[in-house]
Amino acid sequence: MITLLKNVELYSPAHEGRKDILISDKKIAAIENKIEITGVPGLHIYDGQGQIAVPGFIDNHVHITGGGGESGFASRTPEITENDMIKAGVTSVIGVRGTDGYTRSMENLVAKAKAIRQNGLSCWIMTGSYQVPVRTITKDIESDIILVEEIIGAGEIAIADHRSSHPSPGDLISIASSARIGGMLSGKSGIVIIHLGDGKHAFSFLNTCIEQSDIPVRHFLPTHVNRNYELLCRGFSFAEKGGFIDLTTSGYVKGKDDKRTKCSHALKLALENNIPVEHISFSSDGRGSIPIFNENKEPGGFTIGSCASLLTEVRDAVKKEKIPLEVALGVITQNPAKLFQLNGKGEVNKGFDADILLLDKDLSITTVLANGNFLMDQGKVVFPLD
């Protein structure tokens, strides 16, 4: 199918103005002020008058096979569905395991990633979970990244958290070294996602890893950096040194978890502190359980992460924090695409994959294209079927 999107207001994520977009063979073939085509068999012309075209969202931290379990078996969360991601505008996802690296297997994670791909979306995964030594699907981290197409790095490895296996900086250096070598030999990013808890050694451990090794700082991606204000400020210092930080869009519940800094506000604080916005990403922690622990580290209930929170925080960044749309979009499109080396993703540009969302003026999703295929049209998911 050849598709022509006409009269859209394009954010690539940079604001490009009114454009027509031609899509052919899953790719963006042309972007012009006006494209006129007639007499082409199978041509689908879609009038996007009054709508905003943006890149498909990249959610770089989702528990695609489910998560949770901190409150017993009944607190396990279910697998994510493709419909959940489509409705949230997520066209590319990176799957992880979390606390439960025992009953949630790497084999299951790989199979789920393949299923997501077969259903029209793009998916990659990380090897391992909270625990060290890392539980891989082959004999080691390097082999996982080199031999398994979907695996592009390791994590999420937990530090400064009572649920972690309390790895040392030396352990983290060894994991990052393995991920880097695996990435170099396979042309992948080799990123290690680091889960940060409330403990006091979170960024001091990461800084030690940078100081005591020759591993580039970009190979460490700390996530949940906005879980409290002190951690966020240390994250800003990490980003000033060239590091990348990931902020979690799910979990903020006013009156229940007020320690957490809302992502949209955290982005505003980062901009006010002149933090390079290119070194910031948002992710949802989708399908992960987000427990609230009391002072004795006992769970007192939990919420479940949702991919839909990505758009909520981008919308709040624009409408409440007065951040330009192109800046807010970058943290869930262009930035993670570049960090994780997801070639062809994160931008609406010629030669890129045709992952495009159409938004109305209230920044609600109306239409989703992934790899050139319509997966949602005028608010209705058309594939997979509901």
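The values are calculated or read from the model by the stated rules, or taken from the named source; none is laboratory data. Just so you know, these numbers come straight off a predicted model, no measurement behind them. No Cβ is skipped: glycine too gets one built from the backbone with ideal geometry, and neighbour counts run over all protein chains shown.
Look at the range 141-160 and say how many of its residues are surrounded by fewer than 24 Cβ atoms within 10 Å (Cβ to Cβ) and over 19 Å from the mean Cα position of the chain (by Cα). Please lay out each step first, then the result.
So in the range 141-160, the residues surrounded by fewer than 24 Cβ atoms within 10 Å (Cβ to Cβ) come out as 142-143, 146-150, 160.
Right, trim to over 19 Å from the mean Cα position of the chain (by Cα) and you get 142-143, 146-148, 160.
Matching residues across the range 141-160 total 6.
Six or more apart or on different chains, Cβ atoms under 7 Å: show the pairs whose first residue is in the range 259-276 and without any contact (Cβ under 8 Å) to a residue 60 or more places away in the chain and whose second is of a type in the set (Phe, Trp, Tyr) and in a loop (DSSP other than H, G, I, E, B).
Close Cβ pairs satisfying both conditions: 260/252; 262/252.
If you take the residues of the range 117-140 that are part of a strand (DSSP E or B) and of a type in the set (Ser, Thr, Tyr), which of them is surrounded by the most Cβ atoms within 10 Å (Cβ to Cβ)? Talk me through it step by step, then tell me what you get.
Filtering the range 117-140 down to residues part of a strand (DSSP E or B) leaves 122-127.
Filter once more, keeping what is of a type in the set (Ser, Thr, Tyr): 122, 127.
On the way: 122: 21, 127: 32.
Selected residue: 127.
Inspect all residues belonging to the range 19-36 and state whether any of them is of a type in the set (Lys, Arg), buried (at least 18 other Cβ atoms within 10 Å of the Cβ) and out of contact with any Phe, Trp or Tyr (no Cβ under 8 Å at 6 or more places or on another chain).
Our first condition is that a residue be of a type in the set (Lys, Arg); within the range 19-36, this holds for 19, 26-27, 34.
In the following step, the residues that additionally are buried (at least 18 other Cβ atoms within 10 Å of the Cβ) were identified as 19.
From the residues that got through so far, the ones that are out of contact with any Phe, Trp or Tyr (no Cβ under 8 Å at 6 or more places or on another chain) too are 19.
Within the range 19-36 (the criterion being of a type in the set (Lys, Arg), buried (at least 18 other Cβ atoms within 10 Å of the Cβ) and out of contact with any Phe, Trp or Tyr (no Cβ under 8 Å at 6 or more places or on another chain)), the answer is yes, since at least one residue qualifies.
Taking residue 352, is it of a type in the set (Phe, Trp, Tyr) and in the same structural domain as residue 62 (by TED's automatic domain parsing)? Before the answer, list the steps.
Numbers: of a type in the set (Phe, Trp, Tyr): yes; in the same structural domain as residue 62 (by TED's automatic domain parsing): no.
In short, no.
Any residue at all in the range 282-294 that's in the same structural domain as residue 162 (by TED's automatic domain parsing), without any contact (Cβ under 8 Å) to a residue 12 or more places away in the chain, in a loop (DSSP other than H, G, I, E, B) and not aromatic (Phe, Trp, Tyr)?
yes
Looking at the range 161-170, can you tell me whether even one residue there is surrounded by 20 or more Cβ atoms within 10 Å (Cβ to Cβ), in the same structural domain as residue 220 (by TED's automatic domain parsing) and among the polar types (S, T, N, Q)?
So far as the range 161-170 goes, no, none of its residues is surrounded by 20 or more Cβ atoms within 10 Å (Cβ to Cβ), in the same structural domain as residue 220 (by TED's automatic domain parsing) and among the polar types (S, T, N, Q).
I need every pair where a residue in the range 225-244 that is in the same structural domain as residue 205 (by TED's automatic domain parsing) has its Cβ under 8 Å from the Cβ of a residue that is of a type in the set (Asp, Glu) and surrounded by 15 or more Cβ atoms within 10 Å (Cβ to Cβ), sequence separation at least 6 or different chains.
225/246; 227/198; 228/198; 231/198
Give the range 202-220 a look and list any residue that's in contact (Cβ under 8 Å) with a residue 40 or more places away in the chain, surrounded by 16 or more Cβ atoms within 10 Å (Cβ to Cβ) and not hydrophobic (A, V, I, L, M, F, W, C), or say none.
213, 218, 219
Tally the residues that are in contact with a helix residue (DSSP H, G or I) (Cβ under 9 Å, 6 or more places away or on another chain), without any contact (Cβ under 8 Å) to a residue 40 or more places away in the chain and aliphatic (A, V, I, L, M), restricting the search to the range 165-191.
1
Got a sec? Which strands (runs of 3 or more DSSP E) wholly within the range 1-58 have at least 1 residues that are touching a helix residue (DSSP H, G or I) at 6+ places or on another chain (Cβ under 6 Å) and closer than 27 Å to residue 314 by Cβ? Step through it out loud before you land on a result.
Details: elements: 2-11, 15-24, 27-32, 43-47, 52-55.
Fully inside the range 1-58 and qualifying: 2-11, 15-24, 52-55.
Among (1) surrounded by fewer than 23 Cβ atoms within 10 Å (Cβ to Cβ); (2) under 22 Å from the mean Cα position of the chain (by Cα); (3) at positive phi; (4) not assigned by TED's automatic domain parsing to the domain that holds residue 367, which single condition is residue 72 missing?
Unmet condition: (2).
For the range 80-100, give me the residue count where each residue is more than 18 Å from residue 336 (Cβ to Cβ) and either outside any helix (DSSP H, G or I) or touching a Gly at 6+ places or on another chain (Cβ under 7 Å) (or both).
Applying the first criterion (more than 18 Å from residue 336 (Cβ to Cβ)) to the range 80-100 yields 81-84, 86-87, 97-100.
In the following step, the residues that additionally are either outside any helix (DSSP H, G or I) or touching a Gly at 6+ places or on another chain (Cβ under 7 Å) (or both) were identified as 81, 97-100.
Total satisfying the criteria: 5.
Take residue 80 and tell me if it is within 23 Å of residue 383 (Cβ to Cβ), among the hydrophobic types (A, V, I, L, M, F, W, C) and surrounded by 23 or more Cβ atoms within 10 Å (Cβ to Cβ). Before you say what the answer is, go through the steps one by one.
On the way: within 23 Å of residue 383 (Cβ to Cβ): yes; among the hydrophobic types (A, V, I, L, M, F, W, C): yes; surrounded by 23 or more Cβ atoms within 10 Å (Cβ to Cβ): yes.
Yes; evaluated as a whole, the condition is true for this residue.
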